[in-house]
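Contents: one structure, followed by commentary.
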Amino acid sequence: MSDFLLELRSEEIPARMQERAREDLAKLFAAELAKAGLKTAEIVTYATPRRLALIARDLPLATEAVREEVKGPRASAPPQALEGFLRKTGLTRDDLVERDGVLFAITDKLGRATAEVLAEAVPAVIRAFPWPKAMRWGAASSSTESPRWVRPLQGIVALLDEDVVPFEVAGVASGAATVGHRFHHPGVITIGSAQDYVEKLRACHVVVDGAERRASIAVGAKLAAQGAGLSLVEDEGLLFENAGLTEFPMPLLGRFDASYLSVPPEVIQLTARVNQKYFVCRDADGNLADAFVCTANIDAEDGGDQIVEGNRKVLAARLSDAKFFYETDLKTPLDELRPKLDKIVFHEKLGTVADKVERVAKLARWLVEAGVVRAADAASSPFATPVSTTHPVTPAKAGVSPERAGQEPREMPASAGMTGGADGATARLADMAERAARLAKADLVTGMVGEFPELQGLMGGYYAAAQGEPVEVAEAIRDHYKPVGQGDDVPTTPVTVAVALADKLDTIFAFFAINEKPTGSKDPFALRRAALGVISLITANSLRLSLYKAWSFWRMFARLSVPPSVDHAYTSSLDFFADRLKVQQREAGVRHDLVDAVFALGGEDDLVRLLARVQALQGFVGTEDGANLLAGYKRAANILKKEGFEGAAEATAPGYAPEPAEAALIAALDAAEPRAAAAVEAEDFEGAMAALASLRAPIDAFFDQVTVNDADPAKRTARLALLARVRAAVHRVADFSRIEG
């Protein structure tokens, strides 16, 4: 058995591509081996900024001899078919074997040396490599047939044990030579075999294992922060990026001017992260500290002092820009920025961002006034969460004009005649929801969000707080995009919930109204994410919302050139919500067929009520009574379908003396139907299931003792009608025909 080493050395590989490249290299290499009938015990891959490497362990010295059999035409086939098959296989008619009137081409292939297979496999891997972006280089680049790689290839190491596997790609011949660290050991290194590859490069200041580099950075950065009495703000994505930028990482701690801490901490962290790839730190109180950790690629003789100073200067320039944007933005109230939204197109068929803001504001207010979002729970906890627990924004900071400094939070106007009590609380909540919705998108035209689009919403929250808006309004502006993905926080404060829900509902309703729905894997307007956000907001806050009522209200003021069949757009959107709900609930352990069974009843668009019914149904079908009732229901439904019976399902006395089991089922239905109906009306779905469970034994006895298709037409019709009653009773809770099993 032999080990094979492959190293593809190039100019710098972007950090974001390295991990995927390792996976692709292993997959493509294994596929090429499989084509030749070779198997390896293990494939290990490595990636650094300058090299992509692979080690395949325990390869056989040669492939095994194989016999290939290709089925051809029948012996009686026309001559043209036989001639085509002979051309394809390169054989003569006498070489073919006939079995059961069919011709077969059978060839014996001798085994091949593994080195020969590898010499063909590696160039094929390089040619097929799926880099997200690749380039051509040199004189050959004038042809589209020239090889492509992420950056120009500079060297190839290909060793099967100690022997070079000879081949050439893009003018680069394989060999045993590579280079070490760009600065510490730029000279040529000769690799002996796969066994000494990792350690030989380590001796030359190259850590080829990305996991080892990440661990080194994580530990080094944490120790550097702790040495200064600080704690590191951990960031896994940044860890991968720094590891992808260095071959010999050395974390170093530096300081920046503390005056920049007047800028919101998220801005400082994003500036350091996105522009410079630095980690940030917190002090003992949990506040952002005037410190950063950069990752050098060399072990500097001065301990990294010059590197830190250079990075400090670059970061200072970035933070100076951020501070300028922030202070400039604070000078213009959000109200004065709103007219600029008229110049930003949201969608050519949906108008401008200002048009969207108008729709969201009206819908947010309606959600409160319709009682979907309530102020009742606000009395004991009046939304006291600050805009930032680590960096509260106050008007006295960051260049706010003197006349605005120290200003008290703005009071929202109270609706006439509704200044106290529950109605007054609702009116104030509705005013705040509308106000927050009208200001929520204003930060899109600020300098800070123009520089960092990731901060939209967040900066609006800071600016709103600084200009004296109520904390509830500032919070809603800050968080109205949430939740933006799985694991994100779901807003729970009423003003934020109203605005966040209105924003997402408007997006879904609007795009479905113009028939711009997700198709396959394409979802350019992130409607799936918006729908999951709506579901999370509704379920986390137990909001009793009729999606149809929300759609109907939205339609009244949307002012869109919607298709003629507007209700079809709503139906499509409800189906879309059902699909998203199944995805979300699957992760919670809820069966998708049970969601289908409840949605199939039609008319159910209250997701809280729907999920309560689904959960009760899941508990019921998992019991013996539930499983047996499901079996009895399906037997009844199958008989009705086979007979094409569409008669009435009302309780009517048969015109004959029913058999005992028949009479027992009638009595059981007479008792269960009103109990189930009353329980469903009271949203006591467990009670409804219990009522249905009482039908289990009578249904079993009925099928055991009664002939449905009796020779007497009257009995047959009455008994089919009785089965229709069973089906109708069950359908009060769910469409059991959609349940699997």
Criterion: more than 20 Å from ARG20 (Cβ to Cβ), in contact with a strand residue (DSSP E or B) (Cβ under 7 Å, 6 or more places away or on another chain), among the hydrophobic types (A, V, I, L, M, F, W, C) and part of a helix (DSSP H, G or I) - qualifying residue of LEU159, LEU118, LEU103
LEU118
Just to check your reading of the model, which residue among GLY351, GLY420, GLY424, GLY399 is on the phi > 0 side of the Ramachandran plot, in the same structural domain as VAL471 (by TED's automatic domain parsing) and either surrounded by fewer than 18 Cβ atoms within 10 Å (Cβ to Cβ) or at pLDDT below 50 (or both)?
GLY399
For the structure I just gave you, tell me whether ASP423 is without any contact (Cβ under 8 Å) to a residue 24 or more places away in the chain, acidic (Asp, Glu) and part of a helix (DSSP H, G or I).
yes
Would you check which residues across the stretch 329-375 are closer than 12 Å to ALA442 by Cα and in contact with a Pro (Cβ under 9 Å, 6 or more places away or on another chain) and list them?
ALA354
Please enumerate the residues belonging to the stretch 705-718 that are assigned to a loop (DSSP other than H, G, I, E, B) and either of a type in the set (D, E, K, R) or within 13 Å of ARG732 (Cβ to Cβ) (or both).
ASP710, ASP712
If PHE85 satisfies all but one of (1) part of a strand (DSSP E or B); (2) surrounded by fewer than 21 Cβ atoms within 10 Å (Cβ to Cβ); (3) at pLDDT below 90, what's the number of the condition it fails?
(1)
Being free of Cβ contacts under 8 Å to residues at least 60 places away in the same chain, of a type outside the set (Asp, Glu) and crowded, with 17+ Cβ neighbours inside 10 Å narrows it down to one of VAL165, VAL122, VAL169, so name that one.
VAL169
In the set LYS504, LYS441, the lone residue that is within 30 Å of ASN275 (Cα to Cα), among the charged types (D, E, K, R) and not assigned by TED's automatic domain parsing to the domain that holds SER320 is LYS441
Looking at ALA578 and the list (1) more than 26 Å from ALA513 (Cα to Cα); (2) in a helix (DSSP H, G or I); (3) in the same structural domain as GLY485 (by TED's automatic domain parsing); (4) among the small types (Gly, Ala, Ser), which single condition is not satisfied?
(1)
Options ALA364, ALA370, ALA291; residue that is at pLDDT 95 or above, among the hydrophobic types (A, V, I, L, M, F, W, C) and under 19 Å from ALA436 (Cβ atoms):
ALA364
Collect the residues in the stretch 715-741 that are touching a helix residue (DSSP H, G or I) at 6+ places or on another chain (Cβ under 7 Å), more than 18 Å from GLY603 (Cβ to Cβ) and of a type in the set (A, V, I, L, M), keeping them in residue-number order.
LEU720, LEU722, LEU723, ALA724, VAL726, ILE739
For the stretch 269-373, which helices (runs of 4 or more DSSP H) that fit wholly inside it have 3 or more residues that are more than 30 Å from ASN515 (Cα to Cα) and touching a residue at least 60 places away in the same chain (Cβ under 8 Å)?
305-330, 334-337
What do you reckon, is VAL357 modelled with pLDDT of 95 or more and under 20 Å from MET556 (Cβ atoms)?
yes
Can you give me the ranges of the helices (runs of 4 or more DSSP H) entirely in the stretch 618-704 with at least 2 residues that are loosely packed, with under 13 Cβ neighbours inside 10 Å?
624-643, 660-681
Condition (residue is crowded, with 20+ Cβ neighbours inside 10 Å and out of contact with any Lys or Arg (no Cβ under 9 Å at 6 or more places or on another chain)) applied to the stretch 147-159: is it met by at least one residue?
yes
Name the single residue, out of those in the stretch 635-692 being of a type in the set (D, E, K, R) and at pLDDT below 85, that is nearest to VAL608 (Cα to Cα).
GLU650
Only one of LEU232, LEU253, LEU238 is closer than 20 Å to PRO14 by Cβ, buried (at least 17 other Cβ atoms within 10 Å of the Cβ) and of a type in the set (A, V, I, L, M), namely LEU238
So how many residues does the stretch 657-679 have that are in contact (Cβ under 8 Å) with a residue 60 or more places away in the chain and touching a helix residue (DSSP H, G or I) at 6+ places or on another chain (Cβ under 6 Å)?
2
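The values are calculated or read from the model by the stated rules, or taken from the named source; none is laboratory data. Computed from a prediction, not measured in an experiment: that's the story for all the values here. Backbone-built Cβ (ideal geometry, glycine too); neighbour counts: all protein chains shown.
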